[in-house]
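Structure, as C-alpha cells:
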Amino acid sequence: MVPLNYYLILSAVVFAIGVIGVLIRRNLIVILMSIELMLNAVNLTFIAFSRFLGSMEGQVAVFFVMAVAAAEAVIGLAIIIAVFRHRQSLDPQEMHLLKW
Amino acid sequence: MVASEPGLAAYDLLRWIPLIPLLGSVINLFWGRALGRKNAGAVACAAVGASFAIAFYVFWQLPATGVFRDLVYTWIESGAFKANLAFQVDALTAVMLLIVTGIGFLIHLYSLGYMGHDEDVVRFFVYLNLFIFFMLVLVMGDNLLLFFVGWEGVGLCSYLLIGFWYQDANNAIAGNKAFIVNRIGDFGFVVGIFLLVTELGRQGVWTLDFAELQNHVQMLNPATIGLITLLLFVGATGKSAQIPLFVWLPDAMAGPTPVSALIHAATMVTAGVYMTARLHFLFSLAPATMALIAWIGAATAIFAATIALTQNDIKKVLAYSTVSQLGYMFLAVGMGAFSAAIFHVFTHAFFKACLFLGSGSVIHALGGEQDMRKMGGLKRYMPKTYWTYVIATLAIAGIPFTAGFFSKDLILWQTFSHGAMALWAIGLVTAGLTAFYMFRQLFLVFHGDCRADAHAKAHLHESPAVMTWPLIVLAIGAIFTGWLGAPEYLWGSRWDLWLQPVLGTAEAHQGSLSTEILVTLLTLAVVAVGIYLAYAKYGKAAVEFDRGTGGLLYRLSLNKFYVDELYDFIFVRPFTACARFFAQFIDPWAIDGSVNGIAATVRGLGWIWRGLQTGNVQHYVAGFLIGTLALLAYYIGQL
C-alpha cells in the first residue's frame with residue numbers, strides 16, 4: 001500500500017505548480033487552468049485522508065469542490081470571453097484600469 | 001374655567017398674552033413696509049394693547065391664593081427630566097404682567113409720536129413687540145428654562161434696540177458692550193442653573209419647574225444653595241446693572257428714548273429682581289448670598305447716585321439714577337424683603353418711565369439735544385411735559401404721598417428694622433443724593449434762562465398728544481401706585497397681602513410704629529437737604545458751569561470714577577492683546593499648522609502606499625500568497 005505521505009507530497013507539488021502558474025503566467029486561460037490544478041491538488045488531499053482515516057467526509061467535500069470548480073470554470077470562461085471580445089488580449093498585466 | 005382648588009387652575013387664555021405681541025412683531029417683520037409706517041405702528045400698539053387687556057382680565061380673575069397654568073406642550077423630555085412650554089400666572093407674575101404690558105402699551109403709544117419721523121420705524125416696532133414677547137415669556141414661564149429663554153431674548157432685543165441707529169458706530173459699540181457684559185453675567189446664571197438641576201437630579205428630582213423646585217429645595221445642602229444663588233445673582237448683576245457689571249446701562253442710553261424707558265428702566269433691568277423674588281425660597285436659604293446682595297445693592301445705589309450728581313447728559317442722569325434705584329431693590333432683596341423689592345420695581349416702573357419719556361419729550365422738542373447745559377427754562381414752552389416731570393421727580397425723590405415715598409421708605413424701614421444700620425445709613429444718604437440730582441436736573445432743564453441756541457429755540461414746541469397722554473397716565477401712576485403699599489401708621493399695605501401667597505410672610509416688622517415714623521421723618525429731612533442744596537446751586541436764573549475743572553471729587557464723579565477706563569485697562573486691553581497674539585501667532589502657526597500638517601502627512605503617506613496599488617491582479621495574488629505563507633510559518637513556529 002502507498003503511504004499517505006506520498007499522496008500529500010504529490011498534492012503539495014501540484015498545488016505549488018498551480019500557485020506558480022497563477023502568479024507568473026500571462027494568459028488568463030492558463031491562470032484559470034492553474035486554479036483548477038490547485039483545486040484538484042486539494043481534492044487529492046481530501047481523498048487521501050478519507051482513505052487513510054476510513055471516513056467519508058473527505059469524499060463528500062470533494063464533490064462540493066468539483067461542483068464549485070465547474071461553476072467557477074463556467075463563469076471564469078464567460079468572463080474571459082467577454083474580456084477578450086473587449087480588448088483582443090488575455091494578458092492580465094494589461095488589465096489595470098482600476099489602478100490609481 | 002377657574003378651578004375652585006387653589007393653585008392648579010388651567011387657563012387657556014394665558015398663551016395669548018405673549019403670543020399676540022409676537023404675532024404683531026411677525027406681521028410687521030414681513031408686511032410692515034407694505035402696511036406703511038402709520039399702520040405698522042398701529043399694529044404694534046394694538047398687539048400690546050390686546051395683550052394688556054387679556055393680562056388685566058387674567059389679573060381680575062386670579063383668585064387671591066391661586067395660580068393659573070397654561071400648558072402649551074411638552075418642550076423637552078429626556079429621561080426623567082422634563083420641561084414644559086407652559087405659562088403660569090400667580091400674584092407675583094400678575095404684577096410684572098401688568099407692568100410689562102401696561103407700561104409697554106403706553107410706551108408703544110408714545111413711540112408713535114417720538115419715532116414717527118424715523119425712516120426705520122417699522123423695524124423699531126418689530127423689535128419693540130419682540131421685546132414685549134420675550135419679557136412676557138420671562139415673567140410667565142413656569143420653569144427656569146423657559147425663564148432663561150425670555151432672559152436671553154430680552155437681552156437680544158436690548159442689544160438690537162440700543163444699536164437701533166447703527167449708522168453711528170458709537171451706538172453699535174454701546175449695543176455690543178451691553179451684549180457682552182450681559183453674556184458675562186449670563187455665564188454665571190447658566191452655570192447656576194446647571195448646578196441646580198444636577199444637584200437636584202442627584203437626589204432623584206429632575207426638574208426646573210418653579211413649583212417643583214420650591215417643593216424639593218430642602219434636599220439641597222446649604223453650601224450648594226449658597227453657590228447656586230451666588231451664580232444666579234451674577235446673572236442678575238449683569239441684567240440688572242449692579243456692581244461690577246453696571247457699566248453697560250449708562251451706555252445703553254444710545255438707543256431711542258422709548259427704549260430707555262421701556263427696557264432700561266421699567267422692565268428688563270428689573271428682571272434680576274424678579275428672578276430673586278421668583279426663587280425667593282432658594283435665596284432665603286442662603287444667608288451669605290443675601291448679605292452679599294444687600295451690600296452690592298447698597299454700594300451700587302450710592303455709587304451710581306454719586307455719579308448722577310454731575311452728569312450733564314439728561315439721559316445719563318436718569319440712567320445712573322436707574323442703576324441707583326435698582327441698587328435699592330437689591331438692598332431690599334438682601335434684607336429678605338422681596339415684597340418691598342417688587343413694590344419698588346412697580347413704582348419705579350411708573351416714575352422712571354415717566355422721567356425717561358419726559359426727557360424724550362424734551363429731546364424731541366430741542367431736535368435731539370441731550371446736554372442739559374443747553375436747556376433751561378423749558379417750563380414755559382412745554383407745560384404738560386414739565387408738570388408730569390415734576391410729579392415723577394417728586395416721586396423718585398420720595399416726597400410724601402408719591403409712589404417713591406412709599407416704596408423707598410419701605411425698603412429703608414425694612415433695612416433699619418433688620419438692624420443693618422450701615423446699609424440703612426447708605427440708603428439714607430442715597431435718598432438725599434437722589435433728591436439732589438433729580439432736582440438739579442429739574443432746575444437745569446425746566447427752570448432758569450433758556451440756554452438753547454436760537455435755532456433750537458425757534459422750534460421749541462410741546463409734544464403731540466400721543467406723547468403727552470402716556471406721560472400724564474404715568475404721572476398719575478407715579479403718585480397713586482404707591483398708595484397700595486402704605487405703611488401701617490397710615491392705612492396699611494394691601495401690597496403685602498397680595499404677594500403673601502407667593503412670597504410668604506417672611507417679613508416680620510420689628511420695631512414700633514413710632515420708630516418707623518421717626519425713621520421716615522429722618523429720611524424726609526435728608527431729602528429736604530438734598531432738594532435745598534440743588535435749589536441753592538441750580539435754582540437760580542443763570543447757572544454757572546465753571547465747575548468742569550472743579551475739585552477732585554467733582555472730577556471723579558463727572559468721569560464716572562473712571563470705572564470704564566479701569567475695566568478697559570484690566571480686562572479689555574489684556575483681552576485684545578491676547579486676541580492679537582493668538583491671531584498673529586497661535587492661529588497661523590498652531591491651528592493652521594496642525595490642520596495643514598495633518599493633511600500633508602496623509603498626502604505623503606498616501607504617496608508612499610499608492611506604489612503598492614499596481615492594478616495588476618497577479619501582484620495582489622503574490623501579496624496574498626506571501627501573507628498566507630507568513631501566517632503558516634507563524635503557526636508552524638508555534639507548534
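Quick look at the numbers
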read-out: Test: residue in the stretch B:470-487 that is surrounded by fewer than 21 Cβ atoms within 10 Å (Cβ to Cβ), in contact with a Gly (Cβ under 9 Å, 6 or more places away or on another chain) and under 15 Å from residue B:343 (Cβ atoms); value: yes
read-out: Qualifying residues in the stretch B:7-49 (those that are among the hydrophobic types (A, V, I, L, M, F, W, C) and outside any helix (DSSP H, G or I)) - the one least open to solvent (accessible area, probe 1.4 Å); value: B:9
read-out: Out of A:76, A:54, sole residue that is over 20 Å from residue A:11 (Cβ atoms) and either within 13 Å of the chain's Cα centre (by Cα) or more than 14 Å from every other protein chain (Cβ to nearest Cβ) (or both); value: A:76
read-out: Count of residues meeting criterion [out of contact with any strand residue (DSSP E or B) (no Cβ under 8 Å at 6 or more places or on another chain) and crowded, with 21+ Cβ neighbours inside 10 Å] in the stretch B:50-61; value: 3
read-out: Pairs, first assigned to a helix (DSSP H, G or I) in the stretch B:421-432, second open to solvent by less than 10 Å² (accessible area, probe 1.4 Å) and β-branched (Val, Ile, Thr), C-beta under 8 Å, six or more apart; value: B:423/B:415; B:424/B:415; B:427/B:411; B:427/B:415; B:428/B:523; B:431/B:523; B:431/B:527; B:432/B:527
read-out: Whichever residue in the stretch B:347-369 is open to solvent by 10 Å² or more (accessible area, probe 1.4 Å) and assigned to a helix (DSSP H, G or I) and, among such residues, is modelled with the highest pLDDT; value: B:350
read-out: Residue match in the stretch B:370-377 (condition: open to solvent by less than 10 Å² (accessible area, probe 1.4 Å), in a helix (DSSP H, G or I) and at pLDDT below 90); value: yes
read-out: Residue within the stretch B:602-611 that is over 30 Å from residue A:23 (Cα atoms) and within 14 Å of chain A (Cβ to nearest Cβ) present; value: yes
read-out: Pairs with Cβ under 6 Å, 6+ apart, first in the stretch B:614-639 and within 10 Å of chain A (Cβ to nearest Cβ), second outside any helix (DSSP H, G or I) and open to solvent by 100 Å² or more (accessible area, probe 1.4 Å); value: B:615/A:98
read-out: Check on residue B:185, surrounded by 19 or more Cβ atoms within 10 Å (Cβ to Cβ) and closer than 13 Å to residue B:256 by Cα; value: no
read-out: Condition check for residue A:41: open to solvent by less than 60 Å² (accessible area, probe 1.4 Å) and more than 15 Å from residue A:11 (Cα to Cα); value: no
read-out: Unique residue being aromatic (Phe, Trp, Tyr), loosely packed, with under 12 Cβ neighbours inside 10 Å and away from every other protein chain (no Cβ under 14 Å) when the list is B:569, B:561; value: B:569
read-out: Members of the stretch B:62-84 found to be open to solvent by 50 Å² or more (accessible area, probe 1.4 Å) and over 21 Å from residue B:16 (Cα atoms), listed by number; value: B:64, B:65, B:76, B:77, B:78, B:79, B:80, B:82
read-out: Output for the stretch A:79-92, where each listed residue is within 14 Å of another protein chain (Cβ to nearest Cβ) and open to solvent by 60 Å² or more (accessible area, probe 1.4 Å); value: A:79
read-out: Subset of the stretch B:175-206 (residues that are farther than 18 Å from residue B:283 by Cα and in contact with a strand residue (DSSP E or B) (Cβ under 8 Å, 6 or more places away or on another chain)); value: B:201, B:206
read-out: Set A:65, A:13: member being within 19 Å of the chain's Cα centre (by Cα) and loosely packed, with under 13 Cβ neighbours inside 10 Å; value: A:13
read-out: Unmet criterion (only one of (1) at pLDDT 90 or above; (2) open to solvent by 10 Å² or more (accessible area, probe 1.4 Å)) for residue B:381; value: (1)
read-out: Filter pass, residue A:34 being within 14 Å of chain B (Cβ to nearest Cβ) and either buried (at least 17 other Cβ atoms within 10 Å of the Cβ) or under 21 Å from residue B:616 (Cα atoms) (or both); value: yes
read-out: Residue check for residue B:200: touching an Asp or Glu at 6+ places or on another chain (Cβ under 9 Å) and either open to solvent by 20 Å² or more (accessible area, probe 1.4 Å) or modelled with pLDDT under 95 (or both); value: yes
read-out: Boolean, residue B:408 is open to solvent by 40 Å² or more (accessible area, probe 1.4 Å) and in a helix (DSSP H, G or I); value: no
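For every residue, the table says whether it meets (1) without any contact (Cβ under 8 Å) to a residue 24 or more places away in the chain; (2) closer than 29 Å to residue B:174 by Cβ; (3) open to solvent by 10 Å² or more (accessible area, probe 1.4 Å); (4) assigned to a loop (DSSP other than H, G, I, E, B).
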| residue | (1), (2), (3), (4) |
| --- | --- |
| B:244 | yes, yes, yes, yes |
| B:252 | no, yes, no, no |
| B:259 | no, yes, no, no |
| B:262 | no, yes, no, no |
| B:270 | no, yes, no, no |
| B:275 | no, yes, no, no |
| B:285 | no, no, yes, yes |
| B:295 | no, yes, yes, no |
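The values are calculated or read from the model by the stated rules, or taken from the named source; none is laboratory data. Please read these numbers as outputs of a predicted model, since none were measured by experiment. Neighbour counts run over all protein chains shown; Cβ positions are idealised from the backbone, glycine included. Surface areas here come from the heavy atoms of the whole protein model, side chains and all, with no ligands, DNA or RNA. Shrake-Rupley method; radii C 1.70, N 1.55, O 1.52, S 1.80 Å.
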